[in-house]
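Participant: Before we start, here is the structure in question, set down as structure tokens.
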Ligand SMILES: Cc1cc2nc3c(=O)[nH]c(=O)nc-3n(C[C@H](O)[C@H](O)[C@H](O)COP(=O)(O)OP(=O)(O)OC[C@H]3O[C@@H](n4cnc5c(N)ncnc54)[C@H](O)[C@@H]3O)c2cc1C
């Protein structure tokens with residue numbers, strides 16, 4: 001039993017949602033042939049529709065914030081509600097029963113990863129300036145970490161920041177920056193001390209994306225849409241007060257973000273993700289494709305569901321630990337790893353049920369649509385840390401196994 | 001006729017050279033978004049300079065009389081390059097169906113044009129559910145009273161269905177599934193292009209509204225013809241898959257040598273090294289199974305149907321693995337539209353499922369082994 005205040009909180013959330021949204025259709029309990037069959041994991045909307053979706057996301061966040069549900073765990077001085085992570089989870093659970101606009105464009109990177117980092121490391125007036133705006137839906141944030149030469153090895157970022165009076169001048173190129181084209185701010189990792197060991201010469205800055213010298217160029221993904229971008233920084237001036245953490249102490253800042261990234265990416269989602277891993281949806285698909293009694297496919301389905309459900313239990317346990325006030329550790333990489341693999345297996349399982357029906361669009365409901373999820377799966381094994389990086393974390397940080405031998409030059413860099 | 005090793009090598013070299021010149025990535029990208037999905041001039045050159053369409057057509061029908069081994073070499077190279085051309089449908093599906101029918105008159109009428117590269121053709125088997133099982137065919141053929149036939153119904157997933165000059169159709173008569181020849185310009189035939197996962201292989205839905213057709217082979221022989229065609233076509237497809245898989249492996253290994261992270265080439269991390277080695281294992285098995293099946297076909301060996309089923313399953317798996325891991329080894333850049341990795345991923349998935357998919361071809365293998 002939840003304590004009374006929890007019940008009150010849940011009831012309040014329900015009242016708010018009843019007044020502002022309709023009950024959600026359950027995407028896991030499908031009536032074959034009815035409703036939306038889109039399986040797009042990444043947006044593949046034409047620009048006008050995408051802009052409209054972003055507008056709706058911002059508006060929903062504003063409404064949510066106006067009623068005290070925009071930043072449940074946030075400190076009241078920045079517009080937060082000052083409640084616990086448990087309240088946050090409870091709200092998510094209640095909201096998932098309703099049909100509300102998809103706020104992924106704000107949530108996954110900005111509110112999920114960058115917000116907590118700003119809260120932990122920014123100077124007070126920068127928090128004042130950006131946190132309320134972010135949680136009100138006015139400011140979308142992106143993560144300017146990866147570079148062409150620095151992906152898995154994030155500590156080798158080469159974008160330079162050089163101090164000039166009260167400002168820093170940034171020059172370099174970022175890549176794979178999700179939602180940069182919608183963002184007002186970006187959290188950038190830069191090199192400020194080329195002489196120091198790699199991890200110790202990095203500084204983090206909050207970059208206003210409309211600053212002169214910031215250029216965002218869309219990058220088309222293999223799915224056809226353009227959710228991520230290249231970002232070019234040319235003589236971009238950022239005031240020193242936009243620095244997060246110490247000069248040359250940006251690696252600590254990055255770790256806050258990366259920790260939150262693993263939590264965000266590893267958790268289950270709604271929409272296509274829920275459908276792809278739902279026993280009801282998958283069994284309906286098997287009936288529709290006459291593969292219901294195919295023993296080999298039944299075996300595959302069972303294995304897929306074992307993994308998907310066990311991953312769900314793992315996440316449930318992590319949430320309970322969180323309620324007890326214990327921060328998740330590197331073992332959360334298991335969930336991130338499984339998330340990508342479960343969805344990948346689901347997409348391939350489905351394609352085998354569908355057979356040729358997924359290779360050309362015959363117009364039949366719930367068939368070719370799955371190709372959208374299939375084409376997104378390779379990214380799930382890469383984004384937010386590749387499978388190999390996750391396994392290295394598990395082996396080295398959880399199991400304490402020795403690192404792979406490195407050259408002396410690279411040694412201090414990996415410490 | 002059978003080419004010896006040095007002739008095969010020469011054939012491979014000349015086809016590869018042709019592909020590099022005529023089917024570089026830019027050409028593939030341009031063609032997959034144009035209509036038709038192939039370059040008629042390049043197709044004519046492939047016929048005139050290399051005599052590719054006629055390679056495996058008997059000399060009596062204007063071809064060079066080689067077999068599946070030589071065809072396999074060509075298909076491996078085409079698969080590597082994702083060559084956009086009506087080769088697969090014309091030479092592997094349609095020409096082989098004509099030959100398998102044993103209908104000398106039909107062969108004499110259609111094969112010389114195919115061999116010369118003047119006629120393109122396709123084979124329409126699957127319907128809305130995509131199955132190649134003759135028992136599931138619903139398109140009907142009725143005698144027209146003058147010795148000819150009329151077709152009624154719909155075919156789907158027909159490769160090059162909007163462009164092929166000659167369409168061979170498996171339709172049902174009172175006697176059972178039978179093969180028919182339909183001219184592209186026949187009244188009542190309409191073709192609608194389909195959006196495809198793999199845009200380098202065009203597909204269409206064909207509607208037959210009482211279309212006049214000529215019986216090919218015996219009435220009711222469709223099932224037997226289809227079994228033979230599927231064996232040959234799946235070995236040809238296997239060769240194409242092996243070529244594509246080899247290309248993915250080469251690209252990955254090359255990238256793993258030059259891409260540095262943590263101060264060293266990523267290929268020096270055991271995880272990446274083993275991934276590439278796993279890909280190599282798959283590719284070696286794929287090539288061996290595709291080539292061996294082709295060899296058994298030319299010897300008319302009783303083991304051929306089993307070998308064909310093995311090649312089909314083995315190469316489908318190998319290509320899918322290689323295409324997936326190729327993206328993964330490349331990291332973020334492998335997930336971009338501009339990088340060719342996704343073109344191979346699309347082709348690999350599409351090929352894996354072309355004739356029904358793993359559930360179907362695994363069963364075929366066990367069936368042939370008497371299990
Ligand atoms: C859809 C998508 C969205 C993204 N969004 C963002 C974003 O918003 N912001 C941002 O900053 N970044 C973003 N990224 C970038 C992402 O974090 C990187 O792609 C990822 O960390 C891998 O880096 P890389 O692409 O440079 O690959 P590399 O690091 O070059 O890796 C290539 C291959 O080598 C392997 N490898 C590398 N190092 C090791 C090792 N030590 N041991 C074993 N194997 C190794 C990898 O596992 C991989 O298979 C996004 C990526 C994708 C695909």
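The values are calculated or read from the model by the stated rules, or taken from the named source; none is laboratory data. It should be emphasised that the depicted structure is a prediction, and the values quoted were computed from it without experimental measurement. Methodologically, a virtual Cβ is constructed for each residue, glycine included, from the backbone with ideal geometry; neighbour enumeration extends over all protein chains shown.
Participant: Scan the stretch A:346-365 residue by residue and report those that are farther than 19 Å from residue B:203 by Cα and free of Cβ contacts under 8 Å to residues at least 40 places away in the same chain.
Facilitator: Answer for the stretch A:346-365, where residues must be farther than 19 Å from residue B:203 by Cα and free of Cβ contacts under 8 Å to residues at least 40 places away in the same chain: just A:348.
Participant: Looking at (1) away from every other protein chain (no Cβ under 14 Å); (2) surrounded by fewer than 18 Cβ atoms within 10 Å (Cβ to Cβ); (3) in contact (Cβ under 8 Å) with a residue 12 or more places away in the chain, which is the one condition that is false for residue A:158?
Facilitator: (1)
Participant: OK, next. Every residue in the stretch B:112-152 that is in a helix (DSSP H, G or I) and either over 18 Å from the mean Cα position of the chain (by Cα) or within 17 Å of residue B:178 (Cβ to Cβ) (or both), please.
Facilitator: Correct list: B:112, B:113, B:116, B:134, B:135, B:136.
Participant: Contact list please: Cβ distance under 7 Å, first residue in the stretch B:259-274 and within 6 Å of the ligand (Cβ to nearest atom), second residue part of a loop (DSSP other than H, G, I, E, B), pairs at least six apart or on different chains.
Facilitator: Cβ pairs passing all conditions: B:261/A:151; B:261/A:152; B:261/A:153; B:262/A:153; B:262/A:406; B:266/B:259; B:269/A:404.
Participant: Please enumerate the residues belonging to the stretch A:217-257 that are within 16 Å of the ligand (Cβ to nearest atom), more than 14 Å from chain B (Cβ to nearest Cβ) and crowded, with 18+ Cβ neighbours inside 10 Å.
Facilitator: A:233, A:244, A:250, A:251, A:253, A:254, A:256, A:257, listed by residue number.
Participant: Considering only the stretch A:166-182, how many residues are within 11 Å of the ligand (Cβ to nearest atom) and more than 15 Å from the chain's Cα centre (by Cα)?
Facilitator: 2
Participant: Out of the residues in the stretch B:140-154 that are surrounded by fewer than 21 Cβ atoms within 10 Å (Cβ to Cβ) and at pLDDT 95 or above, which is farthest from residue A:365 (Cα to Cα)?
Facilitator: For the stretch B:140-154, the residue satisfying everything is B:143.
Conditions tested, residue by residue: (1) modelled with pLDDT under 95; (2) more than 22 Å from residue A:257 (Cα to Cα).
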position: A:45; (1), (2): yes, yes
position: A:50; (1), (2): yes, yes
position: A:65; (1), (2): no, yes
position: A:79; (1), (2): yes, no
position: A:94; (1), (2): yes, yes
position: A:112; (1), (2): yes, no
position: A:130; (1), (2): no, no
position: A:144; (1), (2): no, no
position: A:156; (1), (2): no, no
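Participant: Can you name the helices (runs of 4 or more DSSP H) wholly within the stretch B:292-371 that have at least 1 residues being surrounded by fewer than 19 Cβ atoms within 10 Å (Cβ to Cβ) and touching a residue at least 12 places away in the same chain (Cβ under 8 Å)?
Facilitator: Fully inside the stretch B:292-371 and qualifying: B:304-330, B:358-368.
Condition check ((1) more than 19 Å from residue A:178 (Cα to Cα); (2) modelled with pLDDT under 85) across all residues:
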{"position": "A:240", "(1), (2)": "yes, no"}
{"position": "A:256", "(1), (2)": "no, no"}
{"position": "A:265", "(1), (2)": "no, yes"}
{"position": "A:280", "(1), (2)": "yes, no"}
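Participant: Shifting gears a bit: Inside the stretch A:69-94, can you point out the residues that are surrounded by fewer than 19 Cβ atoms within 10 Å (Cβ to Cβ) and closer than 19 Å to residue A:22 by Cα?
Facilitator: A:92, A:93, A:94
Participant: Quickly run through the stretch B:292-336 and pick out the residues that are closer than 19 Å to residue B:198 by Cβ and more than 16 Å from the ligand (Cβ to nearest atom).
Facilitator: B:312, B:315, B:316, B:317, B:318, B:319, B:320
Participant: Additional query: Which one is farthest from the ligand (Cβ to nearest atom) among residues in the stretch B:275-284 that are in contact with a helix residue (DSSP H, G or I) (Cβ under 7 Å, 6 or more places away or on another chain) and within 14 Å of chain A (Cβ to nearest Cβ)?
Facilitator: So the residue we want is B:276.
Participant: Continuing with this model, one more query. Would you point out which residue out of A:57, A:13, A:21, A:40 is in contact with a strand residue (DSSP E or B) (Cβ under 6 Å, 6 or more places away or on another chain) and surrounded by 15 or more Cβ atoms within 10 Å (Cβ to Cβ)?
Facilitator: Only one candidate qualifies: A:21.
Participant: Determine whether the stretch A:110-118 contains at least one residue that is touching a helix residue (DSSP H, G or I) at 6+ places or on another chain (Cβ under 7 Å), surrounded by fewer than 20 Cβ atoms within 10 Å (Cβ to Cβ) and closer than 24 Å to residue B:336 by Cα.
Facilitator: The answer is no; no qualifying residue exists.
Participant: On to the next question. Could you identify the single residue in B:254, B:287 that is part of a helix (DSSP H, G or I) and away from the ligand (no atom under 16 Å from the Cβ)? Working first, answer last.
Facilitator: Numbers: B:254 fails: away from the ligand (no atom under 16 Å from the Cβ).
Only one candidate qualifies: B:287.
Participant: Among the candidates B:106, B:94, B:89, which residue alone is in contact with a strand residue (DSSP E or B) (Cβ under 7 Å, 6 or more places away or on another chain) and farther than 23 Å from residue B:244 by Cα?
Facilitator: Being in contact with a strand residue (DSSP E or B) (Cβ under 7 Å, 6 or more places away or on another chain) and farther than 23 Å from residue B:244 by Cα holds for just one of B:106, B:94, B:89, which is B:106.
Participant: Can you give me the number of residues within the stretch B:257-274 that are within 16 Å of residue A:150 (Cα to Cα), part of a helix (DSSP H, G or I) and facing another protein chain (nearest Cβ under 9 Å)?
Facilitator: Count: 1.
Participant: With respect to residue B:287, is the statement that it is closer than 25 Å to residue B:70 by Cα, crowded, with 22+ Cβ neighbours inside 10 Å and modelled with pLDDT of 95 or more true? Before the answer, list the steps.
Facilitator: Details: closer than 25 Å to residue B:70 by Cα: yes; crowded, with 22+ Cβ neighbours inside 10 Å: yes; modelled with pLDDT of 95 or more: yes.
When the stated conditions are applied, residue B:287 passes them.
Participant: Evaluate the following for residue A:401: is it modelled with pLDDT of 95 or more, assigned to a helix (DSSP H, G or I) and either over 23 Å from residue B:126 (Cα atoms) or more than 9 Å from the ligand (Cβ to nearest atom) (or both)?
Facilitator: no
Participant: Cβ contacts < 8 Å: first residue within 20 Å of residue A:340 (Cα to Cα) and free of Cβ contacts under 8 Å to residues at least 40 places away in the same chain, restricted to the stretch A:388-400; second residue within 12 Å of the ligand (Cβ to nearest atom) and part of a helix (DSSP H, G or I), any location; separation 6+ or different chain. Result?
Facilitator: A:392/B:271
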